[in-house]
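Derivation of every value follows stated rules applied to the coordinates shown; laboratory data play no part. Model, not experiment: these values are computed from the prediction. Every residue, glycine among them, receives a Cβ derived from its backbone with ideal geometry; neighbour counts consider all protein chains shown.
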Amino acid sequence: MPDPDAFVDSYSNLVPALILISLIVWETVGPCFRYFVRRPGKRVRHGAINIGFGIINAIVIAIIFVTAWEAAAKWSLKTNFGILRWTALPPWIEGIFAVLVFDFFTYWWHRFNHTIPFLWRFHRVHHSDAEMDVTTANRFHAGEIVMSSLLRVPLLFLLGADLWMLALYELLMFPVVQFHHANIRLPDPLEKGFRAIFASPVMHKIHHSDYVKETNSNYTSFFSFWDRIFGTYRMREDFELIQLGLKEFREPEDAQFFGMLKIPFRKAKRASSGNDCKGTEIEL
């Protein structure tokens, strides 16, 4: 069997970059929402700010947390501690199990970011984007990234996972995250088929609605079945009427880089009352 570390490393940067370029082209040719049509300058500024957040977060992770994650994995190996250390499963089964555990963690971490006020202060930087596109997948406050990265240290140790398993999950998950943030739409049969397994563009557009009940739904980042299992799945057939973003962060400052950095530490100008159009809920 090929070395898992080498396999994951060889594709970890190439795959997201290729998908980013492909989705930018798709958004240009056939956008779902037309907020950037004939406004290329605004689109470039919007994307540059969002990608800027992604670059900062990547640097923070590379400098601080990759070493911490590697230490947790080595500590688990040295002490023979963790679920996967107590089994004798083939590496590919361990990889699948680890991906499921990491995605389960991601679902609940995302849900807690919506239900715990302190965490929501940071997460609302991501939700304040009223012009969501593929670059929004990078728009997370460094404070949120630091907290989620810290929690992965005990998770790696308790799971007994090798670092390549976390890298594999990121390699699989992040392209799906890029895809469901993108300003695109699939033909209805493809959309329905995709969301039967993965978080889809329509699912995530509903999640980014400024209507509170929709914002607090569809938390999954990769596998869509967590929302169905835990009762947070929501769908509507008129999703093109969705108003994206957060009503309390619509000022020009809220769309600027340094304004976004201050969002966790600012009081919202007014409470979000949600979108008056609740839409028509439908079943899968």
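Would you work out the relative contact order for segment 186-232, in percent, from Cα pairs under 8 angstrom that are 6 or more residues apart?
33 percent
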Relative contact order (%) - criterion: Cα under 8 Å, at least six apart; region: the chain:
23 percent
Please determine, in degrees from 0 to 90 and to the nearest 10, the orientation of helix 14-29 with respect to the longest principal axis defined by the Cα atoms of the chain, where the helix direction is its Cα long axis.
10 degrees
If packing is taken as the average number of other Cβ atoms within 10 Å across a peptide's residues, how do 178-191, 249-262 rank, most packed first?
178-191, 249-262
When Met203, Met165 are ordered from fewest to most other Cβ atoms inside 10 Å of their Cβ, what list results?
Met203, Met165
So if I place +1 on the C-beta of Lys and Arg and -1 on the C-beta of Asp and Glu, and nothing else carries charge, what would the dipole magnitude of segment 4-265 be about its Cα centre? I want it in debye, nearest 20.
360 debye
Projected onto the charge dipole of segment 4-265 (unit charges on the beta-carbon of Lys, Arg, Asp and Glu, signs +1, +1, -1, -1), the Cα from Ile19, Ala255, Asn50 with the largest positive-side position is that of Ala255
Nearest-ten-degree value, helix 91-115 long axis tilted from longest Cα axis of the chain
40 degrees
Which residues among segment 162-177 fall inside the zone where the amide N is under 14 Å from a point 7 Å beyond the Cα of Trp75, along Cα→Cβ?
none
Within the set Lys192/Lys247; Lys74/Lys262; Lys42/Lys262; Lys74/Lys267; Lys213/Lys262, which residue pairs have Cα atoms separated by over 31 Å?
Lys74/Lys262; Lys74/Lys267
Leu14 paired with Tyr35, simple spin-label distance in nm, labels 7 Å along Cα-to-beta-carbon
3.5 nm
With equal scatterers on the alpha carbons only and no solvent term, can you work out the Debye log10 of I(q)/I(0) for the chain at 0.08, 0.11, 0.12, 0.14 1/Å?
-0.34, -0.66, -0.78, -1.07
Whole-Hz Karplus ³J(HN,Hα) for segment 44-51, in order, using 6.51 cos²θ - 1.76 cosθ + 1.60 and θ = phi - 60°, x for Gly and Pro?
5, 5, 4, x, 5, 5, 5, 5
Listed residues His123, His180, Ile61: farthest to the positive end of the dipole of the chain (Cβ charges)
His123
Counting other beta carbons within 10 Å of each residue's own, what order do Glu237, Glu144 fall into, fewest first?
Glu237, Glu144
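Where does segment 79-233 land on Rg(C-alpha)/(2.2 N^0.38 Å)? List each step's numbers first, then the result.
Numbers: Rg = 16.1 Å, N = 155, 2.2 N^0.38 = 15.0 Å.
For segment 79-233, the normalised Cα radius of gyration is 1.08.
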